[in-house]
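The values are calculated or read from the model by the stated rules, or taken from the named source; none is laboratory data. Note that the structure is predicted; figures quoted are calculated from it, not measured. Note that each Cβ is placed from the backbone with ideal geometry, even for glycine, and that neighbours are counted across all protein chains shown. When the accessible area is computed, the model is the full protein with side chains, heavy atoms only, and any ligands, DNA or RNA have been set aside. Shrake-Rupley method; radii C 1.70, N 1.55, O 1.52, S 1.80 Å.
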Amino acid sequence: QVHLMESGGGLVQPGGSLTLSCAASGIRVASTAMVWYRRAPGKQRELVASITSGTNTYYYDAVEGRFTISRDNAKNTLYLQMNNLRPENTAVYYCNQFPSGAWGKGTQVTVSS
């Protein structure tokens, strides 16, 4: 059974940084395409970043250059380093495998002064 647990969210001022973690069980992040999504208030869920089972990465245009997706195979954990955060990055962030499987509860990121 796949279980994903996101953590690392919080309240941060504009321009600040956060690192989100996604601890996985039931799958090996090293050999699975993984994705970070987010859902902002009143909006649909959108893809933020993805990483293949190799090293290829993809970023939503609005976050490219500020966000970095990575994984620690030994810890079976996916990460999203977020720098220079903006108020429009406020959302609940979720990780998932691709194609999507079971969803975790997400982690809330709030960017506000």
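Stretching the chain fully between GLN13 and TYR58 yields a gain of 13.6 nm (0.36 nm per residue, less the alpha carbon separation).
For the chain, a Kirkwood hydrodynamic radius built from all Cα pairs, placed in the Stokes-Einstein relation at 4 °C and 1.567 mPa s, yields a translational diffusion coefficient of 94 µm²/s. Largest to smallest in accessible area, the residues TYR60, TYR93 fall in the order TYR60, TYR93 (1.4 Å probe, all protein chains included).
Here the stretch 29-74 is assigned +1 on the Cβ of each Lys and Arg and -1 on the Cβ of each Asp and Glu. Its dipole about the Cα centre then comes out at about 220 debye.
Using only side-chain charges placed at the Cβ, +1 for Lys and Arg and -1 for Asp and Glu, the dipole size of the stretch 1-63 relative to its Cα centre rounds to 120 debye.
Mind checking the dipole of the chain: about its Cα centre, +1 per Lys or Arg Cβ, -1 per Asp or Glu Cβ, Debye to the nearest 20?
In total the dipole reaches around 180 debye.
Per residue, the stretch 34-112 exposes 53 Å² of solvent-accessible protein surface, assessed with a 1.4 angstrom probe and all protein chains in place. Projecting the Cα atoms of ALA49, PRO99, SER113 onto the charge dipole of the chain (Cβ charges, centred on the Cα centre) puts PRO99 farthest toward the positive pole.
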